[in-house]
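> One structure coming up, written as structure tokens, with questions to follow.
The values are calculated or read from the model by the stated rules, or taken from the named source; none is laboratory data. Because the structure is a prediction, the values reported are computed rather than measured. Backbone-built Cβ (ideal geometry, glycine too); neighbour counts: all protein chains shown.
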Amino acid sequence: MIDALDVMSNLDKVLPYYQAIFSADEHTVIGYEVVGRIQTEEGIQSLASFFHDDSIPSEFQLEADNIIVE
């Protein structure tokens, strides 16, 4: 799990990643979803736990989300 304060003090390292959405019927890409990642010393890590953690202030999550969708 990524520490919320680490994310907030490293917003310049927050990145959007585009993940393909496939049609099971047509076996083709029908769209993309944007997911948040962060570059850390250990490599690129998912921000899913950051966004799903109810103990993290929603203001923090919104600020990181705005970086991702810019």
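> From the list S49, S58, which residue is closer than 12 Å to A4 by Cα, of a type in the set (S, T, N, Q) and in contact (Cβ under 8 Å) with a residue 40 or more places away in the chain?
Details: S58 fails: in contact (Cβ under 8 Å) with a residue 40 or more places away in the chain.
Answer to the check: S49.
> Now, a different point. Determine whether the stretch 21-30 contains at least one residue that is in a strand (DSSP E or B), modelled with pLDDT of 95 or more and touching a helix residue (DSSP H, G or I) at 6+ places or on another chain (Cβ under 9 Å).
Keep residues of the stretch 21-30 that are in a strand (DSSP E or B), which gives 21-22, 29-30.
From the residues that got through so far, the ones that are modelled with pLDDT of 95 or more too are 21-22, 29-30.
From what is left, the residues that are touching a helix residue (DSSP H, G or I) at 6+ places or on another chain (Cβ under 9 Å) are none.
Checked against the condition, which is being in a strand (DSSP E or B), modelled with pLDDT of 95 or more and touching a helix residue (DSSP H, G or I) at 6+ places or on another chain (Cβ under 9 Å), the stretch 21-30 yields no hits at all.
> Can we say E59 is exposed (fewer than 11 other Cβ atoms within 10 Å of the Cβ) and in a helix (DSSP H, G or I)?
Yes; evaluated as a whole, the condition is true for this residue.
> In this structure, is M8 surrounded by fewer than 10 Cβ atoms within 10 Å (Cβ to Cβ) and not acidic (D, E)?
no
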